[in-house]
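*Asks:* Here it is, the structure in full.
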Amino acid sequence: EQSPATLRKSIHFASYTEALQFAKKVDELSTIMDHHANMKIAHKCVNGVDLEMELFSFEAKELTQKDFDAARAIDLVYAGNPINMKDYSYDLQQESIALFPAEPRGSSKLLRVNSNGQVSYFEHFGNNISSLLEGCHVVFNNSRVLDARLAVDLGDGNEVELMLLDLGNVDPALPCSDHRIQAMIRSDKVKVGDVYSEPVSGAKVEVMDMRGIWEEEEESGGNGSDCVVRIHSNDVISDFLSVNGSVPIPPYLHREAVESDKERYNNVYAKDGGSVAAPTAGLHFTDESLAELGESNISSLTLHVGAGTFMPVRSEDAREHAMHAEHFYVNVGELRSIVKAMEAGKPIAVVGTTSTRTLESLYWLGVKRLRGISGNDDTKQLELGQFEWRGLSVADPSITAVTSFKALIDGMSDDEILIGQTSLMITPNSYNFKVI
């Protein structure tokens, strides 16, 4: 009996570890596509390792479209030049960093780059933004920054920084003691069972679990301990942080937070508390500029920004950086408004990378729903991995954002909420935007 036709590919790696890491990526991709490759590692001793892959459809006893799609997806994982971090490094002088925002809000300058690469300059954001966005449907991230930077007394009289890293799935209306919260303590001596004191309130902070080392640039304070803590207080988290915490302004500002940061490091439309860093693209908008845009031309969603946004990329190739997951909450009625705007042919103007990440993630989650991928049925526990888009984009590249969004919210009422988390990594020169 004649053997069925197969697709074969062999990739050479310098080490066994590199080959295993790539094989794991292929396995994750195969799970998404529901089509697995046969893989074999051939060790060449001092000459490295060959990873051999074979694709065929056993039941059909011939090559099918699934095989070709899977092969293209594997090529997508392997192909392309690395994203060398050194290509994106530049010398930014400290004196070029604005330590405080322009006063009043909205009076900053504005730079516009059109689709042809032409650059325009405007002296005043507030006087020009509404005319530039005329005819667009504008999408904002309405997450509000909580005062997530605290201090703890280590017990020897020394106080160190405690930064809450992820408040995205924490209900700020519940008591602190009800939650285990991921945090960074700026010390390398932290261990499970340690109990520290928050010096303002006297509340005890107990270390419940250790996650590893929190790596950060020395100029930002250096490394710390990534851990899970419980704050023993009956105060609701939002109130506790408001009284005892400070605004977690970016470490590159090299200054202490001041009272005005509570307002200026939040957007005027900020609503739902949960971020530990601001969705900064919207900081220039004022109530007046929002009124000029018009309520019917605006939609809001919520993605709570985590402290991973401050974590430096240590790998030489940015694609090897493990992206942090961020939690999102999207009102179905708001997403329907975006769909209606798309169907009417209106351009979608997305304010900032967090809003972009959320909409692009929702697109891929809708594609997963259309493809019937298991684990995507619960609209309260949606989840997207860092590179899931690779396999999904190959399987059916023709799915539009309107089709995807409709599949995601089909049968839901306008007041329901889509809840989930995304680790989506949007990489230059390989990711094709689906919404914006």
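*Asks:* Looking at this model, which pairs from Lys340/Lys380; Lys9/Lys40; Lys40/Lys368 are more than 18 angstrom apart at the alpha-carbon? All intermediate terms of the calculation are to be shown ahead of the outcome.
*Replies:* Details: Lys340/Lys380 23 Å; Lys9/Lys40 11 Å; Lys40/Lys368 29 Å.
From Lys340/Lys380; Lys9/Lys40; Lys40/Lys368, over 18 Å: Lys340/Lys380; Lys40/Lys368.
*Asks:* Any chance you could get the radius of gyration and Dmax over the Cα atoms of region 351-402, in Å?
*Replies:* Rg, Dmax (Cα atoms, Å): 11.0, 32.
*Asks:* Cα centroids of region 359-423 and region 314-334: how far apart, whole angstrom?
*Replies:* 15
*Asks:* Here is a further query. So if the hydrodynamic radius of region 313-436 is defined as the Kirkwood radius over C-alpha pairs, what does Stokes-Einstein give as its diffusion coefficient at 37 °C and 0.692 mPa s, in µm² per second? Mind showing how you got there, number by number?
*Replies:* Values: Rh = 15.0 Å.
For these conditions, the coefficient is 219 µm²/s.
*Asks:* If you don't mind, another one. Regarding region 206-312, what whole-number volume in Å³ per residue does the convex hull of its Cα atoms give? Write out the running numbers ahead of the final one.
*Replies:* On the way: hull volume 14.7 nm³, N = 107.
Once divided by residue count, the hull of region 206-312 is 138 Å³.
*Asks:* Note down the Stokes-Einstein diffusion coefficient of region 56-119 in µm²/s, whole number, using a Kirkwood radius over alpha carbon pairs, 4 °C, and 1.567 mPa s.
*Replies:* Working: Rh = 18.0 Å.
So the translational diffusion coefficient is about 72 µm²/s.
*Asks:* Still on this structure, I have one more. Sort 242-249, 407-414 for me by packing, meaning the mean count of neighbouring Cβ atoms within 10 Å per residue, highest on top. Before the final figure, lay out each step's value.
*Replies:* On the way: 242-249: 19.4, 407-414: 14.0.
Highest to lowest by the protection proxy: 242-249, 407-414.
*Asks:* Going by average Cβ density within 10 Å per residue, which order do the peptides 35-41, 201-207 take, highest to lowest?
*Replies:* 201-207, 35-41
*Asks:* Ok, one more. Largest first and in whole Å, give the semi-axes of region 71-193's equivalent ellipsoid, each being the square root of 5 times a Cα gyration tensor eigenvalue.
*Replies:* After scaling each eigenvalue by five and taking roots: 38, 27, 20 Å.
*Asks:* Okay, next question. So how do 298-306, 16-24, 183-191 stack up, highest first, on mean other-Cβ count within 10 Å?
*Replies:* By packing density, highest mean first, the sequence is 298-306, 183-191, 16-24.
*Asks:* When the scattering of region 122-175 is computed by the Debye formula from its Cα atoms alone, each counted once and equally, what is log10 I(q)/I(0) at q = 0.17, 0.24, 0.28, 0.30 Å⁻¹?
*Replies:* Log10 I(q)/I(0), no solvent term: -0.77, -1.00, -1.15, -1.22.
*Asks:* Still on this structure, I have one more. What accessible area per residue comes out for the chain, rounded to a whole number of Å², with a 1.4 Å probe?
*Replies:* Details: 22380 Å² over 436 residues.
Solvent-accessible surface per residue comes out at 51 Å².
*Asks:* Quick one: what are the phi-derived ³J(HN,Hα) couplings along region 95-109, Karplus 6.51/-1.76/1.60 with θ = phi - 60°, whole Hz, x for glycine and proline?
*Replies:* Couplings: 5, 8, 8, 6, 7, 9, x, 4, 10, x, 4, x, 8, 5, 7 Hz.
*Asks:* Something else: Taking the alpha-carbon centroid of each part, what is the distance from region 97-144 to region 209-254 in angstrom?
*Replies:* 31
*Asks:* What number results when the radius of gyration of the chain, computed over Cα atoms, is divided by 2.2 N^0.38 Å?
*Replies:* Numbers: Rg = 24.2 Å, N = 436, 2.2 N^0.38 = 22.2 Å.
For the chain, the normalised Cα radius of gyration comes out at 1.09.
*Asks:* Taking all protein chains in place and a 1.4 Å probe, what share, in percent, of the accessible surface of the chain do carbon and sulfur account for?
*Replies:* Working: 10700 of 22380 Å².
Looking at the chain in its full context, I get 48 percent from C and S.
*Asks:* In Å and from the alpha-carbon atoms only, list the Rg and Dmax of region 126-246.
*Replies:* 17.8, 61
The values are calculated or read from the model by the stated rules, or taken from the named source; none is laboratory data. If you're wondering where the values come from, they're calculated on a predicted model, not measured in any experiment. Cβ atoms come from the backbone with ideal geometry, glycine included; neighbour counts cover every protein chain shown. When the accessible area is computed, the model is the full protein with side chains, heavy atoms only, and any ligands, DNA or RNA have been set aside. Shrake-Rupley method; radii C 1.70, N 1.55, O 1.52, S 1.80 Å.
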